[in-house]
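What follows is a set of notes on a single structure, which appears directly below.
The values are calculated or read from the model by the stated rules, or taken from the named source; none is laboratory data. Owing to the predicted nature of the structure, the values given are computational and were not obtained by experimental measurement. Don't worry about glycine lacking a Cβ; one is built from the backbone with ideal geometry, like all the others, and counts go over all protein chains shown. Accessible surface is based on the protein model in full, side chains and every heavy atom, while ligands, DNA and RNA are left aside. Shrake-Rupley method; radii C 1.70, N 1.55, O 1.52, S 1.80 Å.
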Amino acid sequence: MALANPVCFPNFNPYLCGVELQKKDIRKLSLPELEEFFLEQGEKKFRAKQVYEWLWNKSLKNFDEMSNISLSTRELLKTHFTINHIRVDLMQHSSDGTIKNAVKLFDDKIVESVLIPTTKRITACISSQVGCSLDCNFCATARLKRMRNLNSDEIYDQVVAIKDEAETYFQRPLTNIVFMGMGEPLLNYANVIGAIDKITSADGLGMAPRRITLSTVGIPKMIRKMAEDEVKFNLAISLHSAINETRTRLMPINEVNPLEDLADALSFWYARTKRKVTYEYVIWEGINDDERHAKALAKFCKIIPSKVNLIQYNPIDEGEFRQASQEAVDLYIRVLEGQGIIAKVRKSRGQDIDAACGQLANKNEVAQLQPSENNSPTEQP
Ligand code: SAH
């Protein structure tokens, strides 16, 4: 579905973006709530469904474009509501085809989302929070600290913008969604689930839940909650070490949520969902690049059916973290495959525009003032 207005040009602002904050954002209303509004106003109930389709299925950002709604009803809607749609403020194209969007929210906060094209897939990497409250030492987003949670419509809009870009720039459909952008999705659970409901429902994008992956540091309580809620999407855990001491050094959240608790929660997850998990794992020189760590990972992988994605480290500064050698990666693969565990090496994408895993940090809020050659919106991949 092409959007009525392109979302991909910087400084192009056709939207109502939060100009009248005293009005309610119409997309905060469920369909029954919208029906109630129309009935209260003496209008027909079915108008709600029509408006709802414009808002979600067609992603309109302007009441005036709702062509099957009468002028007077549009005026009524404008008096009561705004559509707080996101705006893609800046697009950057990587030499490998990856596109990074700086997305401006109704309150002028910015998050980043990424389109990752491969021969078989086009994947949207989506943010769930502005900044992040977890202090993973190797991640650029952590340095921003958490400013606020995204609303479910703000999460949904990122997907729609990337779907539109996939069609515009690649003439291909969006095939996959990963919650691997800014933020910890399980610390914004209700809104993430709300967005996924819309992405997968017929009045939203109608995408299959198995095409969606939620990536988390692994908060045991929330993994149990997801299992109880019988979610149908995939789960990825940012593991990075299966030894508590090392993992706590990398990810301070491990101190209060140690690996034993994570293992218990994952066992519960598998018992309930029968879905295997993916462990994301970076091997760093001098930190976890030895046989002891590789064997601990292999042991952890046996707890429930799982596979491992060995992610390349994307440097965020000149600090203590460096990608391990190819020998270390080979050692891990040998140990894991020796135990019958599937391990894949994931090459980084979009590094030249800071779009790779862990590099999302709104750098261009500064760069926008100093345009760089990567900032051209018209450059084709
Ligand atoms: N908070 C969630 C999702 C965001 S991070 C999570 O932690 O899973 C997405 C993935 O990128 C995680 O696996 C994270 O550990 C990884 N990551 C963070 N910084 C990175 C870096 N500099 N290089 C490579 N991967 C990184």
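Identify all residues within the stretch 104-115 that are surrounded by 24 or more Cβ atoms within 10 Å (Cβ to Cβ) and not small (Gly, Ala, Ser); write none if there are none. Spell out how you get there, then give the answer.
Of the stretch 104-115, the ones surrounded by 24 or more Cβ atoms within 10 Å (Cβ to Cβ) are 111-115.
VAL111, GLU112, VAL114, LEU115, listed by residue number.
Examine the stretch 173-191 for a residue that is over 15 Å from the mean Cα position of the chain (by Cα), at pLDDT 95 or above and either of a type in the set (Asp, Glu) or closer than 29 Å to LEU60 by Cβ (or both), and state whether such a residue exists. Walk me through it before giving the result.
To start, the set of residues in the stretch 173-191 that are over 15 Å from the mean Cα position of the chain (by Cα) comprises 173.
Of the ones still in play, those that are also at pLDDT 95 or above are 173.
Pick out the ones that are also either of a type in the set (Asp, Glu) or closer than 29 Å to LEU60 by Cβ (or both) and you get 173.
Yes, the conditions are met somewhere in the stretch 173-191.
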- Query: Is it the case that ILE162 is within 15 Å of the ligand (Cβ to nearest atom), open to solvent by less than 20 Å² (accessible area, probe 1.4 Å) and closer than 16 Å to PRO117 by Cα?
  - Reply: no
- Please find, within the stretch 267-279, the residue that is farthest from HIS240 (Cα to Cα) out of those that are crowded, with 20+ Cβ neighbours inside 10 Å and not β-branched (Val, Ile, Thr). TRP269
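Can you say whether SER128 is open to solvent by 20 Å² or more (accessible area, probe 1.4 Å) and of a type in the set (Gly, Ala, Ser), as far as the supplied structure shows?
Details: open to solvent by 20 Å² or more (accessible area, probe 1.4 Å): no; of a type in the set (Gly, Ala, Ser): yes.
For SER128, the condition - open to solvent by 20 Å² or more (accessible area, probe 1.4 Å) and of a type in the set (Gly, Ala, Ser) - is not met.
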- Task: Hey, can you tell me all the residues within the stretch 200-228 that are under 17 Å from VAL159 (Cα atoms) and within 16 Å of the ligand (Cβ to nearest atom)?
- Result: ILE212, THR213, LEU214, SER215
- Specify the residue that is farthest from ASN234 (Cα to Cα); the eligible residues are those in the stretch 342-356 that are more than 12 Å from the ligand (Cβ to nearest atom) and surrounded by fewer than 21 Cβ atoms within 10 Å (Cβ to Cβ). ASP352
- Would you pick out the residues in the stretch 326-360 that are in contact with a helix residue (DSSP H, G or I) (Cβ under 9 Å, 6 or more places away or on another chain) and either assigned to a loop (DSSP other than H, G, I, E, B) or among the aromatic types (Phe, Trp, Tyr) (or both)? TYR332, GLN339, ILE341, ASP354, GLY358, GLN359, LEU360
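Answer yes if at least one residue in the stretch 246-259 is of a type in the set (Ser, Thr, Tyr), open to solvent by less than 50 Å² (accessible area, probe 1.4 Å) and within 16 Å of the ligand (Cβ to nearest atom), and no otherwise. So that I can check it myself, show each step before the final result.
Filtering the stretch 246-259 for residues of a type in the set (Ser, Thr, Tyr) gives 246, 248.
Retained after the next criterion (residues that are open to solvent by less than 50 Å² (accessible area, probe 1.4 Å)): 246, 248.
Keeping just the survivors that are within 16 Å of the ligand (Cβ to nearest atom) gives 246, 248.
Yes: the stretch 246-259 contains one or more residues that are of a type in the set (Ser, Thr, Tyr), open to solvent by less than 50 Å² (accessible area, probe 1.4 Å) and within 16 Å of the ligand (Cβ to nearest atom).
Report the residue count in the stretch 140-152 for those that are open to solvent by less than 30 Å² (accessible area, probe 1.4 Å) and hydrophobic (A, V, I, L, M, F, W, C). Can you show your working first?
First, pick out the residues of the stretch 140-152 that are open to solvent by less than 30 Å² (accessible area, probe 1.4 Å): 140-142, 150.
Now restrict to residues that are hydrophobic (A, V, I, L, M, F, W, C): 140, 142, 150.
Within the stretch 140-152, residues that are open to solvent by less than 30 Å² (accessible area, probe 1.4 Å) and hydrophobic (A, V, I, L, M, F, W, C) number 3.
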- Item | Subset of the stretch 175-199 that is aliphatic (A, V, I, L, M) and open to solvent by 20 Å² or more (accessible area, probe 1.4 Å) - its residue that is nearest to the ligand (Cβ to nearest atom) | MET180
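So how many residues does the stretch 122-159 have that are of a type outside the set (A, V, I, L, M, F, W, C), free of Cβ contacts under 8 Å to residues at least 60 places away in the same chain, within 16 Å of the ligand (Cβ to nearest atom) and not in a strand (DSSP E or B)?
Residues meeting the conditions: 4.
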- Query: For LYS274, all conditions in the list (1) within 16 Å of the ligand (Cβ to nearest atom); (2) over 30 Å from GLU154 (Cβ atoms); (3) not aromatic (Phe, Trp, Tyr) hold save one; what is the number of the exception?
  - Reply: (1)
- Determine whether ASN84 is under 18 Å from PHE179 (Cα atoms) and not hydrophobic (A, V, I, L, M, F, W, C). no
- Message: I'd like the full set of residues that are in contact with a helix residue (DSSP H, G or I) (Cβ under 7 Å, 6 or more places away or on another chain), assigned to a loop (DSSP other than H, G, I, E, B) and open to solvent by less than 80 Å² (accessible area, probe 1.4 Å), limited to the stretch 30-70.
- Response: GLN41, GLU43, SER59, LEU60, MET66, ASN68, ILE69
